[in-house]
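Enquirer: The structure is given below, and queries will be raised subsequently.
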Amino acid sequence: MVIIENWMMQKEKYSVLQLTLLVGARVAIGWYCLYEGVIKLITPHWTSMPYLMDSQGFLALFFRNMATNPTLLSIVDFLNIVGLIAVGIGLILGILTRISTVSGILLIGLYALSHPSLVASTYILPSGDHTLWIDKNIVFLFLLLILLVFPTGKIIGLDRILFKKPAKA
Amino acid sequence: MDEQNKKPTNNLTRRDILKGLATLPVLGAFGYGIYKKTRYDRLKRSAIAKELGLDFDDQPAKTPESLKGKALRVGIIGYGIRGEQLMRAAGFANPDLIDEWKNGALKSPNDKRYADFLAQDDLNITINGVCDLFDVRANDALKTAANIHREGSGGKMEQTAKRYRHYTDLIAATDIDAVIIATPDHWHTRMAVDAAKAGKHVYVEKGMTRTVEEAFVMRKAVKDAGIIFQLGHQGRQTDSFHKAKRIVDKNILGKITLVEVCTNRNDPNGAWVYDIHPDGSPATIDWNQFIEPTQPHPFSLERFFRWRCWWDYGTGLSGDLLTHEYDAVNQVLRLGIPYSAVASGGVYFFKDGREVPDVFQAVMEYPDRDLTFMYSASLASDRFRGKVLMGHDAHMEMENTLTVYPDRNSTRYREQLQSGLLSPDKPMLTYIPGRENVDAVTSATEQYFASRGLLYTYVGGKRVDTTHLHIREWLECIRAGKQPSCNIDEGFDEAITAHMATIALRENRKVFWDAAKEQIV
């Protein structure tokens, strides 16, 4: 049994199995984000433009405008790459876990808003997905919210070292 | 570490360190994975693109140097739909049109039509003469020619042009060096020949001539006069076709035995049902002059404005649209005139009194090249069918982007196909304009966007008009005394090829080209 302060600063108790699964989930989603970020970084000419142009739903115009403004687009591209890599490393290593988790929620929340899985929507990106209302982004959002409510960075992760409280005298 | 552990401030234990760094090996595994993945991709790419020696550079930016010197004085004959486009590509737009562009830009920052037009290089020409048989268009041409500062209505205009009611007077004018001919096809030859004889350089729209005999007459006149001649196939400036030639020259497709090209349109304008101007009447149109080189016919607004629908004035799908497709392939494969042609078709959809078929197929044989060229056109269905060059080892889709797929039964790529390095349903080469290099691993998505103009329209932030480049090349050649890309020899091949298909259709027979005698039999 491991005891930790949760997001409400209340004591939370994890069994070893619970802790293992939570850390496993954290590392897995971290890996996913890190790879998404790194592959964008090393792909020549990568840009979020096609993805943004592909946007549908009530915010489509907002995202498409991002795509057609070259300055804004370069900022979006940069934040996307840096954001994904930072979130990925944060979650894998458990460093600044809470900030990483919240950043991940914001980032994936934007993806979800740009590509809502509506009855009538068909997307080119991602290709081969079959979803209705709930898609991969929404599942990731729930997963990240769970990780926010049940944090593990201070048990297994660099936050354990970073936020170690001084021993009481 | 032990020392750290002893520090009372953070009280780190060995347990803290171990648990704090427990997930660090995951990053190691990630790094290894990335290394393996990028190495695999790089090997795949180098195995295809690099080994084939296909490192494409983008077309270098044009330098204004080639346009310096004394301004060339140009006359325009025919200011209809195409004439207006040509003048715009040459740097002259009607102030009313500029008003429309400016309004568009005010409403939407994405409307770049005016910005694009302003960004277009100044070709250092003046329009000194305009000629159109319809008063409204002649006046529009004058207005456009005066707009040398590219301004909207109310802007500063300077009239340099004079209206000529007969083209012969425009050609005889001493203040004109070169003419752009954008009239119906039945006028092309007489105008180009007279211009050549008067020593004026000629840019003429396709189809080059209305009849076979005219193609010989035009070729002789242009060569005898030694003028600079350009036929209006702006596809000569399309960057992807230049790259396609390099792919073919490197024999990446293997032996090419079949080329398929198409026209797919499905709207009245695309089917030559052009607007009839409300002010068109015997009082505003010089009808007698319009029919002078062809069969007599009573005044007809349909025939004047929708002339492509009648054989008296136009050359049908063959002259209008097959020629563009043929010229695109001809510049890649150097096909020349075919050995034989058959054709079929009919007026199947636009039963508006026209003579010229709206559905048309032509098949041409090149036995010395072991190759068939097949054209298929419909003006009543716009299902996209592109240009495809089919080889034994691979086939290439040739549009603004190039996509090469290996053939399942290729001999050359057998090993790569077996090893999974290549796959018949995935492109082995893709070229997207605006990108520095040919890419062996490009996602289907990227191609999808590129093919719809969503990708490369924004790359570099500049759209380039091929017609502008084509006129520019003609003007540069006039200044430098060189031959442009679509010169009279290329034009002659195009004209004869198109006429063979038209004759095959109209006479319902297989038509042959006797190359030795230069005769259609």
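The values are calculated or read from the model by the stated rules, or taken from the named source; none is laboratory data. Please read these numbers as outputs of a predicted model, since none were measured by experiment. Positions of Cβ are backbone-derived with ideal geometry, glycine not excepted, and every protein chain shown enters the neighbour counts. Remember, those area values only see protein heavy atoms, side chains included, never the ligands or the DNA or RNA. Shrake-Rupley method; radii C 1.70, N 1.55, O 1.52, S 1.80 Å.
Enquirer: Determine whether B:Glu415 is at pLDDT below 80, over 30 Å from B:Ile227 (Cβ atoms) and either charged (D, E, K, R) or outside any loop (DSSP other than H, G, I, E, B) (or both).
Expert: Values: at pLDDT below 80: no; over 30 Å from B:Ile227 (Cβ atoms): yes; either charged (D, E, K, R) or outside any loop (DSSP other than H, G, I, E, B) (or both): yes.
When the stated conditions are applied, B:Glu415 does not pass them.
Enquirer: Checking B:Phe30 against (1) of a type outside the set (A, V, I, L, M); (2) part of a helix (DSSP H, G or I); (3) at pLDDT below 95, which test does it fail?
Expert: Of the numbered conditions (1) of a type outside the set (A, V, I, L, M); (2) part of a helix (DSSP H, G or I); (3) at pLDDT below 95, the odd one out for B:Phe30 is (3).
Enquirer: Within the range A:1-40, which residues are over 17 Å from the mean Cα position of the chain (by Cα) and assigned to a helix (DSSP H, G or I)?
Expert: Matches in the range A:1-40: A:Val16, A:Leu17, A:Gln18, A:Leu19, A:Thr20, A:Leu21.
Enquirer: Sticking with this structure for a sec: Tell me which residues, restricted to the range A:33-55, are open to solvent by 70 Å² or more (accessible area, probe 1.4 Å) and out of contact with any helix residue (DSSP H, G or I) (no Cβ under 9 Å at 6 or more places or on another chain).
Expert: Residue satisfying the conditions is A:Pro44 alone.
Enquirer: Being open to solvent by less than 40 Å² (accessible area, probe 1.4 Å) and aromatic (Phe, Trp, Tyr) is the filter here, so list the residues in the range B:470-521 that pass it.
Expert: B:Trp474, B:Phe492, B:Trp513
Enquirer: Could you grab the pairs with beta carbons closer than 8 Å, sequence gap of 6+ or different chains, first residue in the range B:24-44 and under 15 Å from A:Ala28 (Cβ atoms), second one of a type in the set (S, T, N, Q)?
Expert: Filtered contacts from the range B:24-44: no entries.
Enquirer: Restricted to the range B:378-433, and to residues that are out of contact with any strand residue (DSSP E or B) (no Cβ under 9 Å at 6 or more places or on another chain) and basic (Lys, Arg), which residue is surrounded by the most Cβ atoms within 10 Å (Cβ to Cβ)?
Expert: B:Arg414
Enquirer: Could you identify the single residue in A:Gly94, A:Gly83, A:Gly104 that is within 13 Å of chain B (Cβ to nearest Cβ), touching a helix residue (DSSP H, G or I) at 6+ places or on another chain (Cβ under 8 Å), of a type outside the set (A, V, I, L, M, F, W, C) and touching a residue at least 12 places away in the same chain (Cβ under 8 Å)?
Expert: On the way: A:Gly83 fails: within 13 Å of chain B (Cβ to nearest Cβ); A:Gly104 fails: within 13 Å of chain B (Cβ to nearest Cβ).
Result: A:Gly94 is the single residue among A:Gly94, A:Gly83, A:Gly104 that is within 13 Å of chain B (Cβ to nearest Cβ), touching a helix residue (DSSP H, G or I) at 6+ places or on another chain (Cβ under 8 Å), of a type outside the set (A, V, I, L, M, F, W, C) and touching a residue at least 12 places away in the same chain (Cβ under 8 Å).
Enquirer: Any residue that is at the interface with chain B (Cβ under 10 Å from one of its Cβ atoms), part of a loop (DSSP other than H, G, I, E, B) and on the phi > 0 side of the Ramachandran plot - is there at least one of those in the range A:45-53?
Expert: The answer is yes; a qualifying residue exists.
Enquirer: Oh, and also: Among the residues of the range B:332-346, is any open to solvent by 40 Å² or more (accessible area, probe 1.4 Å) and assigned to a loop (DSSP other than H, G, I, E, B)? Reasoning before the result, please.
Expert: Applying the first criterion (open to solvent by 40 Å² or more (accessible area, probe 1.4 Å)) to the range B:332-346 yields B:334, B:339, B:342, B:344.
Among the residues that remain, those that are also assigned to a loop (DSSP other than H, G, I, E, B) are: B:334, B:339.
Yes, there is a match, as at least one residue in the range B:332-346 is open to solvent by 40 Å² or more (accessible area, probe 1.4 Å) and assigned to a loop (DSSP other than H, G, I, E, B).
Enquirer: Something else about it: Among the numbered conditions (1) more than 30 Å from A:Glu5 (Cα to Cα); (2) without any contact (Cβ under 8 Å) to a residue 24 or more places away in the chain; (3) surrounded by 15 or more Cβ atoms within 10 Å (Cβ to Cβ), tell me where A:Phe78 comes up short.
Expert: Condition not satisfied by A:Phe78: (3).
Enquirer: While we're here: Return only the number of the condition from (1) away from chain B (no Cβ under 11 Å); (2) within 26 Å of B:Thr38 (Cα to Cα) that A:Leu72 does not satisfy.
Expert: Condition (2) is where A:Leu72 drops out.
Enquirer: Further question: Grab the helices (runs of 4 or more DSSP H) fully contained in the range B:81-122, keeping just those with 3 or more residues being open to solvent by less than 10 Å² (accessible area, probe 1.4 Å). Before you say what the answer is, go through the steps one by one.
Expert: Details: elements: B:81-89, B:95-107, B:113-119.
Fully inside the range B:81-122 and qualifying: B:81-89.
Enquirer: Can you work out which of the residues in the range B:62-80 that are aliphatic (A, V, I, L, M) and either part of a helix (DSSP H, G or I) or modelled with pLDDT of 95 or more (or both) is farthest from B:Arg163 (Cα to Cα)? Give the derivation first.
Expert: Here is the first cut: in the range B:62-80, the ones aliphatic (A, V, I, L, M) are B:67, B:71-72, B:74, B:76-77.
Narrowing the set further to residues that are either part of a helix (DSSP H, G or I) or modelled with pLDDT of 95 or more (or both) leaves B:67, B:72, B:74, B:76-77.
Working: B:Leu67: 26, B:Leu72: 18, B:Val74: 13, B:Ile76: 10, B:Ile77: 10 Å.
Here the answer is B:Leu67.
Enquirer: Also: For the range B:335-355, enumerate the residues that are touching a helix residue (DSSP H, G or I) at 6+ places or on another chain (Cβ under 9 Å) and basic (Lys, Arg).
Expert: Selection gives B:Arg354 alone.
Enquirer: Test A:Ile138 against the stated conditions and say whether it is at the interface with another protein chain (Cβ under 10 Å from one of its Cβ atoms) and either surrounded by 16 or more Cβ atoms within 10 Å (Cβ to Cβ) or within 30 Å of B:Lys112 (Cα to Cα) (or both). It would help to see each step written out before you state the result.
Expert: Working: at the interface with another protein chain (Cβ under 10 Å from one of its Cβ atoms): no; either surrounded by 16 or more Cβ atoms within 10 Å (Cβ to Cβ) or within 30 Å of B:Lys112 (Cα to Cα) (or both): yes.
Answer is no for this residue.
Enquirer: Under 9 Å between Cβ atoms, which residue pairs at least 6 apart in sequence (or on different chains) link something in the range B:260-275 that is modelled with pLDDT under 95 and open to solvent by 70 Å² or more (accessible area, probe 1.4 Å) with a partner that is polar (S, T, N, Q) and not in a loop (DSSP other than H, G, I, E, B)?
Expert: Short answer, once both residue conditions are applied: B:Arg265/B:Ser378; B:Asn266/B:Ser378.
Enquirer: Could you grab me the full set of residues in the range B:146-177 that are closer than 30 Å to B:Cys309 by Cα and not acidic (Asp, Glu)? So that I can check it myself, show each step before the final result.
Expert: Step one: list which residues in the range B:146-177 are closer than 30 Å to B:Cys309 by Cα, which gives B:163-171.
Of everything in the range B:146-177, those that are closer than 30 Å to B:Cys309 by Cα and not acidic (Asp, Glu) turn out to be B:Arg163, B:Tyr164, B:Arg165, B:His166, B:Tyr167, B:Thr168, B:Leu170, B:Ile171.
Enquirer: Which residue, of B:Ala195, B:Ala182, is touching a strand residue (DSSP E or B) at 6+ places or on another chain (Cβ under 8 Å), closer than 30 Å to B:Val356 by Cα and in contact (Cβ under 8 Å) with a residue 60 or more places away in the chain?
Expert: On the way: B:Ala195 fails: in contact (Cβ under 8 Å) with a residue 60 or more places away in the chain.
The unique qualifying residue is B:Ala182.
Enquirer: Here's another thing I want to ask about it. Does B:Val74 satisfy the criteria of being open to solvent by 10 Å² or more (accessible area, probe 1.4 Å), of a type in the set (Val, Ile, Thr) and within 23 Å of B:Gln289 (Cα to Cα)?
Expert: Numbers: open to solvent by 10 Å² or more (accessible area, probe 1.4 Å): no; of a type in the set (Val, Ile, Thr): yes; within 23 Å of B:Gln289 (Cα to Cα): yes.
For B:Val74, the condition - open to solvent by 10 Å² or more (accessible area, probe 1.4 Å), of a type in the set (Val, Ile, Thr) and within 23 Å of B:Gln289 (Cα to Cα) - is not met.
Enquirer: Moving on. Which residues, counting only those in the range B:316-331, are open to solvent by less than 10 Å² (accessible area, probe 1.4 Å) and not charged (D, E, K, R)? Lay out the reasoning, then the answer.
Expert: First, the residues of the range B:316-331 that are open to solvent by less than 10 Å² (accessible area, probe 1.4 Å): B:316-320, B:322-323, B:326-330.
Once the filter is applied, which keeps residues that are open to solvent by less than 10 Å² (accessible area, probe 1.4 Å) and not charged (D, E, K, R), the range B:316-331 yields B:Gly316, B:Leu317, B:Ser318, B:Gly319, B:Leu322, B:Thr323, B:Tyr326, B:Ala328, B:Val329, B:Asn330.
Enquirer: So, one more: Which count do you get for residues in the range A:56-65 that are within 12 Å of chain B (Cβ to nearest Cβ) and open to solvent by less than 70 Å² (accessible area, probe 1.4 Å)? Lay out the reasoning, then the answer.
Expert: Of the residues in the range A:56-65, the ones within 12 Å of chain B (Cβ to nearest Cβ) are A:61, A:64-65.
Right, trim to open to solvent by less than 70 Å² (accessible area, probe 1.4 Å) and you get none.
Total satisfying the criteria: 0.
Enquirer: If you check B:Ala146 against the conditions, is it in contact with a helix residue (DSSP H, G or I) (Cβ under 9 Å, 6 or more places away or on another chain), open to solvent by less than 10 Å² (accessible area, probe 1.4 Å), of a type in the set (A, V, I, L, M, F, W, C) and in contact (Cβ under 8 Å) with a residue 60 or more places away in the chain?
Expert: Values: in contact with a helix residue (DSSP H, G or I) (Cβ under 9 Å, 6 or more places away or on another chain): yes; open to solvent by less than 10 Å² (accessible area, probe 1.4 Å): yes; of a type in the set (A, V, I, L, M, F, W, C): yes; in contact (Cβ under 8 Å) with a residue 60 or more places away in the chain: no.
Considered against the rule, which asks whether it is in contact with a helix residue (DSSP H, G or I) (Cβ under 9 Å, 6 or more places away or on another chain), open to solvent by less than 10 Å² (accessible area, probe 1.4 Å), of a type in the set (A, V, I, L, M, F, W, C) and in contact (Cβ under 8 Å) with a residue 60 or more places away in the chain, B:Ala146 comes out as no.
Enquirer: From the list A:Asp159, A:Asp129, pick out the single residue that is within 14 Å of another protein chain (Cβ to nearest Cβ), acidic (Asp, Glu) and over 30 Å from A:Ser117 (Cα atoms).
Expert: Details: A:Asp129 fails: over 30 Å from A:Ser117 (Cα atoms).
Only one candidate qualifies: A:Asp159.
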